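The values are calculated or read from the model by the stated rules, or taken from the named source; none is laboratory data. All values derive from a computational prediction rather than experimental measurement. Note that each Cβ is placed from the backbone with ideal geometry, even for glycine, and that neighbours are counted across all protein chains shown. These accessible areas exclude ligands, DNA and RNA; they are computed on the full protein's heavy atoms, side chains included. Shrake-Rupley method; radii C 1.70, N 1.55, O 1.52, S 1.80 Å.
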Amino acid sequence: SSCDDVSAESSTEFPDRLSLMEVRLHAQEDEITLLKSSLADALRKLRLHDQQIPLLKQQLIAGKRNSLFQCANIKIFPQVYWYFKCIATDFIASTLQKQQSKGSENSQGSCPQTPTSSSPAPPKEPTSSPHGGPLSPIREGEKMLCSIKMFIRGRPITMYIPSNILNYEELRMDLPSQKLDLDWVYGYRGRDCRANLYLLPSGEAVYFIACVVVLYHISNQTQRHYQKHTDCVRCLAIHPDKVRVASGQTAGVDKDGKPLQPFVHIWDSKTLVTLQQIGLGTFERGVGALAFSSSDAGTFLCVIDDSNEHMLSVWDWNKNIKHVEVKSTNEAVLGVDFSPTDTNNIISCGKSHVYFWTLSACTLTKKQGIFGKYKKPKFVLCFVFSLTGDVLTGDSEGNILTWGKSAADTKTLGKGAKGKQNIMKQTRAHEGSVFTMCILQGGAILSGGGKDRKVIRWSADLAPERECEIPEKFGAVRTIADVDGEELLVGTTRNAILRGTFSDGFVGHVDEMWGLATHPTQNIFLTCGNDRQVCVWNAEDHKLDWCTTLEVREVTENELWVVLDLQTKEVVSDLTDGNEQLSVMRYSPDGSFLAVGSHDNFIYIYNVTEGGRRYTRFGKCTGHSSFITHLDWSKDGKYIMSNSGDYEILYWDVASGCKLLRNRFESKDREWASYTCVLGFHVMGVWLEGSDGTDINALCRSHSESMVAVADDFCKVHLFQYPCPKPKAPSYKYEGHGSHVTNVRFTHNDSHLLSMGGKDTCILQWRVKGAGTGDHSKEHLASSSSVCSSSSSPVNGT
């Protein structure tokens, strides 16, 4: 029976191998055809060149004799120059030959004649297509057989030029007429940052994610954005005046791998104007913690960087003067702050330590907190100052320790305890770590737990008063901001900001995100990521409508994908395809087919019936030699264009049984319902010279077909004119993401663009400004109430 199994497997593999060999053979045939065409074209140009020279000489001499040299130069020479710059066609060649013979006849006689209207006319500028691209209309009788190549990692990729482009060389690549403005930021960086959520007197919550500091007005539900950072923001500090803000960033690298120096910006939260930049060229790796002094009206700023020694420096920030700098510790530092009553006293905490610093005569000296009879925690995670002047620390053991200046217990702590900060009291607070603490106006204390996910309110003498638990799906409590004594804002370790009370509880993506889809008729969009969550967002109300976690069946050896009903939030269908990651899913324009691209190199096609609730396998597209990365349907719903991991562009006739179209030249004029393939003639110009093939993660053409947005691997979003088929096409570049941008999509009416970050788990919503946005018609999916998603892998699009 084992032999039968082997023979069965071999028989199933044989067609796939044969198809692969046929594809490679076809590619080689394409190359040979192209070389033959190029050679014939070159010979034709040479023959025409030889024929043209005598005519040129004769007409130029005649022009000089009659003082008409300028006219001849304009009417004749540009014609020849243009011809030799462009790709020749049989039609143009024959036209030139006819006009040459006419010119010879006109030039014979007693005196030379001025060129007439029958002489070769200078070429006209290419006219614009209805969608703003520099394409010329097709003229009857013209015959185009031409292609160009682009190279990615040394591999040639042949692009066939559409018939309506008569002169590729003369195409002008302009900036798009539209621009982007950051409209809304979804997300919060809570997984690895602390003390990064505050409430301003303006009613705005200030926090950060990626490279953006967000000011969110709680009542008005509006956002403003500080966007002057060049890499990920890591820490925040609020000035005592509650207006000025300090934000520090990490170092990062630019697109060429060169390091970007970290710095701190001090800026006005009312005007968003940068007041000062400090530390450029001083800090290493990044800025880990910040604090303004309090007792002197915020004159000084304390900074701890992310170097090996975690250098602690104190700055007169307004004058940009560094007063003192000292090595802190080789261990991780998690927080720093000035004493609220004495600028000369600074406290820092981190791995296995709490340090009490004294500033005197531009010198910093430190004393280490001694734990004595109390268990030394692995991490001191946070601290606050009580109204009585004591220091309260929260640690990884779940304890709140009260440190004071009273005389030490020398019997317990030893003789060396004299003159040091001593532990006055230990309070058992949480199961697991105490991640954050917050002092309320009356002296009460709030603490947030790790493992138990609890927010607890304590009296001033640390007696528990009230508590509530954060839902498990949001993770642990990272930081707390008091709104009005009753209502709280809570930032979580799973990158959510929750709003609620002890009475009513709290409501509010937590892992790398790749999947992004916009609704065909409504202002909603969907996201999914490696956390197996599918989230539905309202782009108009800027809120999360609902979220569900896809369950993975234990029996699945194949990749599972499901169909969800957007109204009932229920799974209406689940199917499996292949045994590798599913990377892209896309409905046909009328919703009658669904294409599923897989990392097993196949595209699975399904018939869609019963309003998007029933899916039956129609066929399988076989021919790619690497995993599927992107795909698009033609406007008539009969064909698919696809890209793969080895930079192939293939075309498929789905209506004829998922047949591979071996003559790719025949697809050059086909119109596509969407354009998300990163490789193709119409988007060739989005690639920078020297790109390695992974520099662009996603792109999306607008529904108006006038612009294309690009998500790159260098934290940037680009906006190009569409089409952009020439190298070095200009674009607008937009910053905001703190990691590779994984996806981009336009909303149904092109009024907004959505971009998604990978590791920063951030969604940026950009407002599209410019001509022709949001006022066009478009085709709608027939199955607009359903959405497909893979349960165990990232999805490029649905």
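Please enumerate the residues belonging to region 200-210 that are of a type outside the set (Ser, Thr, Tyr) and either over 17 Å from the mean Cα position of the chain (by Cα) or open to solvent by 10 Å² or more (accessible area, probe 1.4 Å) (or both).
200, 201, 203, 204, 205, 206
Go through region 665-706 and give me each residue that's aliphatic (A, V, I, L, M) and touching a Cys at 6+ places or on another chain (Cβ under 9 Å). Give the derivation first.
Going through region 665-706, the residues aliphatic (A, V, I, L, M) turn out to be 673, 678-679, 683-684, 686, 688, 696, 698-699.
If the condition is that a residue be aliphatic (A, V, I, L, M) and touching a Cys at 6+ places or on another chain (Cβ under 9 Å), then 683, 684, 686, 699 are the ones that fit.
Given the conditions (1) in a strand (DSSP E or B); (2) of a type outside the set (Lys, Arg); (3) under 26 Å from residue 767 (Cα atoms), and given that residue 174 satisfies all but one, which numbered condition is not satisfied? Of the numbered conditions (1) in a strand (DSSP E or B); (2) of a type outside the set (Lys, Arg); (3) under 26 Å from residue 767 (Cα atoms), the odd one out for residue 174 is (1).
For region 536-582, the tally of residues that are in contact with a Gly (Cβ under 9 Å, 6 or more places away or on another chain) and either over 25 Å from residue 610 (Cβ atoms) or modelled with pLDDT under 85 (or both) stands at 3. Counting the residues of region 497-520 that are at pLDDT below 80 and not in a strand (DSSP E or B) gives 8. If the condition is being open to solvent by 10 Å² or more (accessible area, probe 1.4 Å) and either part of a loop (DSSP other than H, G, I, E, B) or of a type in the set (Val, Ile, Thr) (or both), then region 180-199 contributes 187, 189, 191, 192, 194, 195.
So, residue 523, is that one surrounded by fewer than 17 Cβ atoms within 10 Å (Cβ to Cβ) and at pLDDT 85 or above or not? Yes, satisfied. Of all residues in region 696-746, those that are under 21 Å from residue 584 (Cα atoms), open to solvent by 20 Å² or more (accessible area, probe 1.4 Å) and not in a strand (DSSP E or B) total 3.
Taking every residue in region 666-692 that is more than 18 Å from residue 650 (Cβ to Cβ) and pairing it with any residue that is of a type in the set (A, V, I, L, M) and open to solvent by less than 20 Å² (accessible area, probe 1.4 Å), at least 6 positions away or on another chain, the pairs with Cβ-Cβ distances below 6 Å are 685/729; 686/710.
Across region 429-447, the qualifying residues are those that are farther than 15 Å from residue 465 by Cα and assigned to a loop (DSSP other than H, G, I, E, B), and the one among them that is most open to solvent (accessible area, probe 1.4 Å) is 441.
Of all the numbered requirements in (1) open to solvent by less than 30 Å² (accessible area, probe 1.4 Å); (2) of a type outside the set (Phe, Trp, Tyr); (3) assigned to a loop (DSSP other than H, G, I, E, B), residue 240 misses one, and that requirement is (1). Scan region 572-580 and tell me whether some residue there is under 22 Å from residue 546 (Cα atoms), open to solvent by 20 Å² or more (accessible area, probe 1.4 Å), among the hydrophobic types (A, V, I, L, M, F, W, C) and touching a strand residue (DSSP E or B) at 6+ places or on another chain (Cβ under 6 Å). Checked region 572-580: at least one residue is under 22 Å from residue 546 (Cα atoms), open to solvent by 20 Å² or more (accessible area, probe 1.4 Å), among the hydrophobic types (A, V, I, L, M, F, W, C) and touching a strand residue (DSSP E or B) at 6+ places or on another chain (Cβ under 6 Å).
Where residues in region 217-234 are β-branched (Val, Ile, Thr) and part of a loop (DSSP other than H, G, I, E, B), which of them is farthest from residue 543 (Cα to Cα)?
Start the filter on region 217-234 by keeping residues that are β-branched (Val, Ile, Thr), which leaves 218, 222, 230, 233.
Filter again for part of a loop (DSSP other than H, G, I, E, B), leaving 218, 230.
Working: 218: 13, 230: 27 Å.
Taking the candidates together, the pick is 230.
In the set (1) open to solvent by less than 20 Å² (accessible area, probe 1.4 Å); (2) under 25 Å from the mean Cα position of the chain (by Cα); (3) under 25 Å from residue 748 (Cα atoms), the condition left unmet by residue 598 is number (3). Residues in region 448-480 that are in contact with a Gly (Cβ under 8 Å, 6 or more places away or on another chain), hydrophobic (A, V, I, L, M, F, W, C) and open to solvent by less than 40 Å² (accessible area, probe 1.4 Å): 455, 456, 468, 474, 476, 477, 480.
Scanning region 617-631 for residues that are polar (S, T, N, Q) and either in contact with a Pro (Cβ under 6 Å, 6 or more places away or on another chain) or not in a loop (DSSP other than H, G, I, E, B) (or both) returns a single hit, 629.
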